[in-house]
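The structure under discussion appears below in the form of structure tokens.
The numbers here are math on the coordinates, done by the rules we state, and not lab data. Quantities reported herein were computed from a predicted structural model and do not represent experimental measurements. Because the Cβ atoms are built from the backbone with ideal geometry, glycine has one as well, and the counts that use them run over all protein chains shown.
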Amino acid sequence: MKKVVVNDTNVFIDLFDVGLLEGLFSLPWEVHTTELVMLELQREGEAETVNRYKEEGRLRVPVFSPKEMMQIVALLPPDRSHSDISITDCSVWYYAKKNNYALLTGDRKLRRVSESDNVEVHGIIYVFDSLKEAGIISAREAAAKLRQLYSINPRLPKEAIERRLRQWDGETNNEGGSL
């Protein structure tokens, strides 16, 4: 059975920024997102590129009913001054929870609230691990792209990145037969 993942905006942006968006759609996953996420893709090329996957049938984007939209809005914290959870965050959280799909996000607060609601949540490192394990990218490319991404997005989990880089750099050094 194919794994189904619901993408948050930041995962699309991170993969777009390092040229790995096609890799995401090459994984043996069924990729979904929401219209609200699609509306957040505003930098040059992002929306057009992601929309192409939708047009090709490789990205599923549900249309929420008015009742579902009310349920999504109800997920917003009552005191918005203490939360960065947006309506877009609530849309992917709701959709993943409703369908028992995994959520892909780099947003710490969204991760925390989704996990506390028993939603399976993974981040960009999981995507990199999956791309490498599937043979879509080599250890050398995974390390180079992860370094590039960390230089663009320093909010990523530094320790997890350093661990992967040590591992992938070691694999790269072993490919040549010597350290």
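Could you tell me the relative contact order of the chain? Use alpha-carbon pairs under 8 Å, at least six residues apart, and round to a whole percent. About 24 percent, as a whole number. Summary of the geometry: the stretch 1-21 and the stretch 97-137, compared by the centres of their Cα atoms, lie 10 Å apart. When only alpha carbons of the stretch 60-142 are considered, Rg and Dmax amount to 15.2, 48 Å. Give me the aspartates and glutamates in straight-line cross-link reach of Lys2: C-alpha distance below 12 Å, same-chain residues under 8 apart excluded. Within the straight-line cut-off, Lys2 pairs with Glu30. Within the stretch 100-179, the trypsin sites (Lys or Arg not before Pro) that combine a DSSP coil assignment with at most 16 other C-beta atoms in a 10 angstrom radius are Arg155. When the GluC sites (Glu not before Pro) in the stretch 1-83 are filtered for DSSP coil states and for at most 16 other beta-carbon atoms within 10 Å of their beta-carbon, the remaining sites are Glu44, Glu56.
Using the Cβ-Cβ distance between Ser26 and Asp169 with R0 = 22 Å, the FRET efficiency computed as 1/(1 + (r/R0)^6) comes to roughly 0.40. Seen from all directions on average, the stretch 1-120 presents a Cα convex hull projection of 7.7 nm².
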